[in-house]
Amino acid sequence: MALSSSLNRYLLLMAQEHLEFRLPEIKSLLSLFGGQLISSQETYGKSPFWILSIPSEDIARNLMKRTVCAKSIFELWGHGRSPEELYSSLKNYPVEKMVPFLHSDSTYKIKIHTFNKTLTQEEKVKRIDALEFLPFEGKVNLKKPQHIFSVLEDYGLDPNCIPENPHNIYFGRWIADGQRELIESYSVKKRHFIGNTSMDAGLSFIMANHGKVKENDIVFDPFVGTGGLLIASAHFGAYVYGTDIDYNTVHGLGKASRKNQKWRGPDENIRANLRQYGLEKYYLDVLVSDASKPSWRKGTYFDAIITDPPYGIRESTRRTGSQKEIPKGMEKCPESHVPVSLSYHLSDMFFDLLNFAAETLVLGGRLVYWLPVYTPEYVMLNNFIFNFTFILSVYLTFFPIFNWIQGKYLCV
């Protein structure tokens, strides 16, 4: 299919982790900002270099303000499988698109980036000198240039078999970097309040991006735990709310999860976590509540439901109930009553979660959750959830995306 002439080509430099989540994240973010993933490539595989066609540079910049799966994006000026092909491609690039960045009043520098191979400084200089045919009229400034250009060379994915020559060479103008630094700045290791199952910061941001969370959204987590998923959503400007059946976790009581600390401190709670990152204004509340018995009135309240349900390994699956038969007319318990917790079968939990999403998500809202699977049986389970989610998508217009990581699927 021919691409529209109004679309510019960009090169995404992807991070080499969570490979299965990269394409769904980019698709979700592009649709959030009014763009669409348009490319002759049907799949992007494991390569860190992706060529995209995006309507505008503004959309490219907005994409990079959110993504944690991509390192950088470049306006692609040339691409080839050899230096000669690259130079020919650059010579065919429209001069009128180059001129605004190469005029005499501008400053620039050229960087060399290689994947799966290290070049000597001499080799890097040689590659830069070979670009002298480009109409650079500005001055070189290595410290604070106005424009940065990059030569990117791809030497494949096998570190044990590095070719002499690159498989692909790209040249482009740097536009923006992604949000990879969020993984470190929001690291669970530095967080005030954590639990045994606190979600990794990088995965939390990926889930928020899959959920297309944006400013002033209301995001709900019915299995909130220590609130890691709420933090990621609040970072993007959403108001966050959660529930959990565990009284001690919600109120920050009981034994600590950190080494050499026996009990949790007086200010270890979810609200303190958001305060730590300057996000307390986005905190609505967290309640002790049973996800199997939602206490909500009928209506659509949430723009996204983002959650990591317990699946019985590091955290038990529980719901309220009693082994005894409840006498007729005694369904309501007094306020002082503490209900007994029962085991909560995994299939029942996900069935309840999907039903809850169908009843409370706004039109176009997204449900993002982890689905644990046992490998020999995952195909059957995958098909069941896919079909159920497809039925819901008629009403909610969210899409099932199954990504594998450590025995679980991330479903959107």
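Which of the residues that make up the range 172-190 are within 30 Å of THR118 (Cα to Cα) and touching a residue at least 40 places away in the same chain (Cβ under 8 Å)? Scanning the range 172-190 gives GLY172, ARG173, TRP174, ILE175, ALA176, ASP177, GLY178, GLN179, ARG180, LEU182, ILE183.
Within the set TYR301, TYR283, the sole residue that is over 21 Å from LYS190 (Cβ atoms) and modelled with pLDDT of 85 or more turns out to be TYR301.
Take the conditions modelled with pLDDT under 95, assigned by the TED database to the domain that holds ASN116 and in contact with a Lys or Arg (Cβ under 6 Å, 6 or more places away or on another chain) and apply them to LEU32. Does it pass? The answer is yes for LEU32. Checking the structure you have, find out if any residue of the range 73-89 is of a type in the set (A, V, I, L, M), modelled with pLDDT of 95 or more and closer than 30 Å to PHE236 by Cα. For the range 73-89, residues of a type in the set (A, V, I, L, M), modelled with pLDDT of 95 or more and closer than 30 Å to PHE236 by Cα: present. Considering GLU181, GLU153, GLU132, the condition of being over 25 Å from ALA60 (Cα atoms) and either crowded, with 17+ Cβ neighbours inside 10 Å or of a type in the set (D, E, K, R) (or both) is satisfied by GLU132 alone. Before we move on, is ALA291 open to solvent by less than 40 Å² (accessible area, probe 1.4 Å) and under 26 Å from PHE350 (Cα atoms)? Yes: the conditions hold for ALA291. When the residues of the range 246-288 are filtered to those that are of a type in the set (Phe, Trp, Tyr) and part of a helix (DSSP H, G or I), the one that is surrounded by the fewest Cβ atoms within 10 Å (Cβ to Cβ) is TYR247. Per the conditions (1) open to solvent by 10 Å² or more (accessible area, probe 1.4 Å); (2) touching a residue at least 40 places away in the same chain (Cβ under 8 Å); (3) in a loop (DSSP other than H, G, I, E, B), the sole criterion not satisfied by PHE193 is (1). Can you name the residue in the range 65-100 that is among the polar types (S, T, N, Q) and surrounded by 16 or more Cβ atoms within 10 Å (Cβ to Cβ) and, of all such residues, is nearest to HIS18 (Cα to Cα)? By that ranking, first place goes to THR67.
Condition (residue is free of Cβ contacts under 8 Å to residues at least 40 places away in the same chain and of a type in the set (Asp, Glu)) applied to the range 164-171: is it met by at least one residue? Checking the range 164-171: at least one residue is free of Cβ contacts under 8 Å to residues at least 40 places away in the same chain and of a type in the set (Asp, Glu).
For the range 347-360, the criterion of being of a type in the set (Asp, Glu), exposed (fewer than 13 other Cβ atoms within 10 Å of the Cβ), at pLDDT 90 or above and assigned by the TED database to the domain that holds ASN196 is met by none of the residues. Applying the criterion of being open to solvent by 70 Å² or more (accessible area, probe 1.4 Å) and in a loop (DSSP other than H, G, I, E, B) to the residues of the range 1-16, the residue that is modelled with the lowest pLDDT is MET1. Among the residues of the range 294-312, write down those that are charged (D, E, K, R), open to solvent by less than 60 Å² (accessible area, probe 1.4 Å) and not in a strand (DSSP E or B). ASP308, the sole residue that qualifies. Check the range 212-234 and report whether any residue there is open to solvent by less than 10 Å² (accessible area, probe 1.4 Å) and hydroxyl-bearing (Ser, Thr, Tyr). Scanning the range 212-234 turns up at least one residue that is open to solvent by less than 10 Å² (accessible area, probe 1.4 Å) and hydroxyl-bearing (Ser, Thr, Tyr).
The values are calculated or read from the model by the stated rules, or taken from the named source; none is laboratory data. Quick caveat, the model's predicted, so the values are computed rather than measured. Using ideal geometry, Cβ is built from the backbone for each residue, glycine included, and neighbour counts are taken over all protein chains shown. Protein only, heavy atoms only, side chains kept; ligands, DNA and RNA dropped before computing areas. Shrake-Rupley method; radii C 1.70, N 1.55, O 1.52, S 1.80 Å.
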